[in-house]
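Notes follow once the structure below has been shown.
Readers should treat all values here as calculations from the given coordinates under stated rules, not as data from a laboratory. Note that the structure is predicted; figures quoted are calculated from it, not measured. Methodologically, a virtual Cβ is constructed for each residue, glycine included, from the backbone with ideal geometry; neighbour enumeration extends over all protein chains shown.
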Amino acid sequence: MKGESGLDMSSLWHTTRASLDDSLALFYESLGKLKAARSVDIAEVIAQLTMAAESARNLSALVSSELPEASWRNREGLDALIGKIQKSLEAKAVERLRSRLLALATELERGSIVHRRALRVNQLNHLRDQAISELRSQAGVEGAPQTLAGPEADQWVEWACGLQEPEDAESLQTLGNGFVHLDDFVANLEPDM
């Protein structure tokens, strides 16, 4: 999942929180020197505090973008909110995966197969029905369903039919491993069908 996926957002949250923690660690180190009556570079301490404040603003903005009415008093409250948001983002990402599979199943149902031989049409319709069932089944699994590579549903079949080895070996392997019936259906399609 790229772009707006829960994993990408989770990475953003982790990076932003780590940035705050790292900048605070440097600032605390300088405070420790001051407590011990050791000299510090005032400009460096100001830069550390500025960096910590910027990281705090960024993290606060992320929280507010997901939960505009959220408030917290301490780090434990902030961490609880971040945990709640991450669970919500993960649930949305799983729902997007499900929706993507169901959209492709619907797109396959809407299509029709054209071939000069009725037997071939029946064979391909059977493969298509198996692929549709597989997509619906995958969308209904508990937890996160398999990730389906490629473009949106209305362009997916054309994209999948254009995959070639060795250039697209990774996509073909992922398709073959995660969606056996869908792979079988696509492998049997010809461009003019």
So, with points 7 Å from each Cα along the Cβ direction, the HIS126-LEU26 label distance in nm works out to 6.7
Per its Cα gyration tensor (rounded if a/c is under 1.5, else prolate when a/b beats b/c, else oblate), the stretch 98-188 is best filed as oblate
Measuring from its Cα centre, the stretch 6-71 shows a charge dipole (+1 at each Lys and Arg Cβ, -1 at each Asp and Glu Cβ) which, in debye to the nearest 20, is 320
A chain fully extended from SER133 to LYS35 at 0.36 nm per residue, minus the present Cα-Cα distance, gains in nm 28.5 nm
Projected area averaged over all directions for the convex hull of the alpha carbon atoms of the chain, nm², comes out at 16.1
One finds, for VAL141 and ALA53 with R0 = 41 angstrom and r their Cβ-Cβ distance, a FRET efficiency to the nearest 0.05 of 0.35
Of the candidates VAL180, GLY140, SER30, the farthest towards the positive dipole end of the chain (Lys/Arg Cβ +1, Asp/Glu Cβ -1, centred on the Cα centre) is SER30
Any aspartates and glutamates whose Cα falls less than 13 Å from that of LYS92, other than same-chain ones fewer than 8 residues away, would be GLU4, ASP8, GLU66
What helix-only [θ] at 222 nm does the chain give? Using -39500 (n - 2.57) per DSSP H run of at least 4, over all residues, to the nearest 500, the answer is -25000 deg cm²/dmol
Looking only at aspartates and glutamates whose Cα falls under 19 Å of LYS33's and that sit 8 or more positions away or on another chain, we get ASP21, ASP22, ASP41, GLU44
